[in-house]
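The values are calculated or read from the model by the stated rules, or taken from the named source; none is laboratory data. From a predicted model like this one, the values you see are computed outputs, not experimental measurements. Here the Cβ positions follow ideal geometry from the backbone for every residue, glycine too, while neighbour counts run over all protein chains shown.
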Amino acid sequence: MRIAVLGDIHGNIEALRVAYKAAVDANADKVFHLGDLGGYAPFVNEVVDFLIEHGIEGVQGNYDDAVAHDREHCGCKYEDPIQAEMANVSFAWTKKHSSERSKEYMKNLPFELSFSSGSRKVVIFHATPQKNNLYWFEERPDKFFLEMAGKIDADIMIYGHTHKPYRKDIGGKVFINAGSVGKPKDGDARTCTTIINMTDDNVTSAFVRTPYDIEKMASAIASGGLPVYFADKLREAR
């Protein structure tokens, strides 16, 4: 079984279109998304429409939950006061401009999705098995990975939230962070499509990085009423 996973889209419809094409080109049997559909770029409604139109199943991110329920905070982590201020502007903008259809879609997304591939159980969630706003970075010790694995019945765990892709194999378990489609933070501004191929003998994975029209999206951010700060972040991928 071959699947494609699209992490953290964040309103970036241009990146989503390219990432989805990469999934189709890879002959994925199924495509999933990891939530966080809006924020930082202005096309939250277009992203939701695209996912529905193409039958892409997915899970609820912290941003989706916060927008759909009109919460005061997106549950995001900030590195400095400027980032916090800009993120609050983006969150307020996204809540204001998300359609009722989009909010209903985000509200009804499940916390996790699970399925079997041969003898392996696969579970997909946004951030961790029990919290959708905890940052599970690659640098965390193996003990943390095994603690997370102990909270869920799965052989393969697929998640995002950090916007930095990685894979680790620990204790017979496979941990895959699918990175971000619309707002990478790993220094590579290209969109990310994670392809996972599962056979009876092996699990292989690849992070397919594809260029897209970043300047078109940067221009849309500015003209849409969001801070130019987010356009700069797209270019920098950090």
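Among the small types (Gly, Ala, Ser), surrounded by 19 or more Cβ atoms within 10 Å (Cβ to Cβ), closer than 17 Å to residue 161 by Cβ and at pLDDT below 95: does that describe residue 66? Criteria not met by residue 66.
Does residue 146 satisfy the criteria of being of a type in the set (A, V, I, L, M) and in a helix (DSSP H, G or I)? So residue 146 passes the test.
Reported count of residues in segment 164-188, each being in contact with a strand residue (DSSP E or B) (Cβ under 9 Å, 6 or more places away or on another chain) and part of a loop (DSSP other than H, G, I, E, B), is 10.
Any residue that is under 13 Å from the mean Cα position of the chain (by Cα) and either within 16 Å of residue 159 (Cβ to Cβ) or surrounded by fewer than 16 Cβ atoms within 10 Å (Cβ to Cβ) (or both) - is there at least one of those in segment 37-44? The answer is yes; a qualifying residue exists.
The numbered conditions (1) on the phi > 0 side of the Ramachandran plot; (2) buried (at least 21 other Cβ atoms within 10 Å of the Cβ) are all true for residue 33 except (1). Figure legend. Inter-residue proximity from segment 70-89: first residues modelled with pLDDT of 90 or more and in a helix (DSSP H, G or I), second residues surrounded by 14 or more Cβ atoms within 10 Å (Cβ to Cβ) and not hydrophobic (A, V, I, L, M, F, W, C), beta-carbon distance below 7 Å, spacing 6+ or different chains. Indicated pairs: 86/227; 86/229; 89/227. If only residues of segment 1-38 that are out of contact with any Asp or Glu (no Cβ under 9 Å at 6 or more places or on another chain) and assigned to a loop (DSSP other than H, G, I, E, B) are counted, the one that is nearest to residue 66 (Cα to Cα) is 12.
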